[in-house]
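To keep things clear, I will list the structure first and then write my remarks on it.
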Amino acid sequence: MGKRILVEDQIRKNKQLTVLICAFMVLLFMGVIFAFGYIYFNNIYIALAFGLPIALVYVGITYSFSVQTVLSAAKARPANHKVREEKLLIYKVEEMAIAAGLPTPKVYVQESENINAFATGKKPEKSVICVTTGALHKLKTDELEGVIGHEMSHIKNHDILIATVTIAVVGTIALISEILFYSLFWGGAGRGRKNEGNAILLVIAILFVILAPIFSRLTYLMISRRREYLADSNGAYLTRNPEGLAKALEKIKTDHPKGKPRGSKTVAPLYIANPFKRSASSKGSIWATHPPIDERIRRLRSM
Amino acid sequence: MDPLLLIAIIVIIFVAIFALIYWGFYNKIIRTENRIDNSWSQIDVQLKRRADLIPNLMETVRGYMKHEREVLENVTKARSAIMSAKTPQENIDADNMLTGALKSLFAVSENYPDLKANQNFLNLQDELTHTEDKIAYSRQHYNDSVLAYNNTIETFPGIWFAKRMSRKTREMLQIPEASKELPKVSF
């Protein structure tokens with residue numbers, strides 16, 4: 001076991017890193033727009049006039065439909081007060097909301113043998129926590145509490161907002177670079193730049209536009225993993241019991257029920273563990289939405 | 001440029017920055033104060049709710065537990081202590097008393113299979129455990145809020161503003177070291 005880290009310190013470190021990565025994302029976005037303007041119009045302002053509205057509209061649309069899309073993709077239903085198991089789940093969510101100082105989210109249940117849970121909602125006042133029936137059957141009270149604490153932290157940290165916005169930015173960067181690609185092939189680009197002869201700059205700009213979508217996707221995944229660690233440590237701070245979540249994660253790691261996972265891939269980062277990729281849990285990949293489960297458990301146990 | 005004008009501009013900028021910082025800290029202090037008050041009222045609500053559940057519980061239990069007068073009396077005593085408590089710490093102490101009394105009541109209930117099968121009793125037990133957890137978490141949130149407040153007004157530059165607003169640090173609630181789970185009793 002490594003040296004013990006204060007939960008508060010880990011929370012602060014995680015937040016700082018997120019800010020840094022987000023700044024990089026914004027830089028990438030601006031860079032793509034400028035490169036686009038440089039190659040296509042030889043004028044960055046026209047690109048700015050096109051790129052920003054596209055990005056904003058895209059963000060707005062994804063954002064306003066997010067909750068309904070997520071819930072119907074997961075085929076989730078509201079928790080039933082009459083079933084004892086689900087009543088106790090509602091109770092636990094109320095308790096965690098008090099601990100976090102948030103209004104109580106709506107509680108939903110997803111029929112699935114997998115142990116999983118996710119949170120969604122545009123703002124903390126209108127949020128939803130959804131837990132699978134598998135989690136209700138297989139997790140003990142303190143483990144379930146750990147999972148709910150994790151989801152409550154996603155809500156408190158506005159991770160749902162961060163996820164939708166970053167997804168939208170990644171989408172916009174991909175869109176711009178695609179437009180540019182096509183226009184280069186059809187020979188539409190480079191109008192009025194024949195006599196300038198700054199070939200190196202042009203090549204750099206083109207290279208940048210090719211690489212930007214890959215970088216932005218990687219940055220997005222990095223943010224997603226960072227937020228997972230943050231939600232883990234925040235959740236442990238809420239329950240004052242890191243061991244509960246650690247034990248729950250251990251169960252998720254060893255539990256592989258049959259049957260296909262359900263849900264939307266876009267919201268995979270909002271689940272407590274990626275429901276679509278179970279095998280990748282042992283080693284970390286730069287393409288993973290979640291950090292390796294073993295590392296998450298190790299960090300929880302070192303608190 | 002006229003050096004006097006330059007000095008004037010610099011002074012104005014400094015004053016503006018100072019005013020902005022003061023504004024920020026003023027709002028932050030007031031906001032955290034409100035949060036502390038609000039989380040106290042949360043605890044209060046839960047304490048009352050719990051006290052309200054006790055008569056129901058007594059009604060359900062009385063028929064079954066004929067020989068446990070002392071256990072039942074302790075619960076009733078703790079409840080009236082909550083009802084008459086005035087200060088936050090008094091409230092919390094009375095609540096701790098109730099928690100202990102309920103713990104022994106639920107432990108003793110293991111001896112009465114008929115009672116354990118009573119749906120009403122089970123529901124009350126669930127709800128009382130739930131309110132107990134809620135109280136524990138609202139205290140935790142209260143203390144978290146107090147900590148944030150104290151940190152704001154005790155560190156620089158907050159300490160300077162807090163002095164001018166004549167604010168003092170708040171007391172945290174003393175929470176006893178108690179396990180969350182009900183004790184396992186064997187007879």
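What follows is calculated from the coordinates using simple rules that are stated; it is not laboratory data. Fair warning: this is a prediction, and the values are worked out from it, not measured in the lab. Because the Cβ atoms are built from the backbone with ideal geometry, glycine has one as well, and the counts that use them run over all protein chains shown.
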Charge tally in the Cβ shell below 10 Å around B:GLY158, where Lys, Arg are +1 and Asp, Glu are -1, B:GLY158 excluded: +2
Computed over the stretch A:69-161, the ratio Rg/Rh where both radii use C-alpha atoms and Rh is Kirkwood: 0.92
Ranked packing of B:19-29, B:84-94, most packed first, by mean Cβ within 10 Å: B:84-94, B:19-29
Helix B:69-84 axis, angle to chain B major axis (alpha carbon atoms, nearest 10°): 30
Rotationally averaged projected area of the stretch B:3-164 (alpha carbon convex hull; nm²): 12.1
Computed lengthening from B:GLU110 to B:GLN89, 0.36 nm per intervening residue step minus Cα-Cα distance: 4.3 nm
Counted charge near A:LYS87, where neighbours are those whose Cβ lies closer than 14 Å (Asp, Glu -1; Lys, Arg +1): -4
Relative contact order (%) - criterion: Cα under 8 Å, at least six apart; region: the stretch A:55-159: 25
Relative contact order [Cα under 8 Å, 6+ residues apart], the stretch B:3-164, whole percent: 36
Averaged over B:122-132, number of beta-carbon atoms from partner chains that fall within 10 Å: 2
Cα centroid of the stretch A:51-125 to Cα centroid of the stretch B:138-177, whole Å: 33
Using alpha-carbon coordinates, inclination of helix B:119-154 to the longest axis of chain B, degrees: 20
Shielding by partners, peptide A:239-245 (average Cβ within 10 angstrom, other chains): 1
For A:GLU94, A:GLU250, B:GLU154, A:GLU151, order by how many other beta-carbon atoms lie within 10 Å, fewest first: B:GLU154, A:GLU250, A:GLU94, A:GLU151
Dipole of the stretch B:3-164, positive direction: furthest Cα of B:VAL71, B:SER145, B:PHE14, with charges on the beta-carbon: B:PHE14
For residues of A:95-102, the mean tally of beta carbons on other chains within 10 Å: 6
Efficiency of FRET from Cβ geometry, B:GLU171 and B:ASP52, R₀ 30 Å, rounded to 0.05: 0.60
Per-residue ³J(HN,Hα) for the stretch A:63-75, Karplus 6.51 cos²θ - 1.76 cosθ + 1.60, θ = phi - 60°, Hz, x for Gly and Pro: 5, 6, 9, 4, 4, 5, 4, 5, 5, 6, 5, 7, 6
Charge dipole (the stretch A:88-156, unit charges on Cβ, about Cα centre) - positive-most of A:PRO105, A:GLY134, A:TYR91: A:PRO105
Nearest-ten-degree value, helix B:88-109 long axis tilted from longest Cα axis of chain B: 30
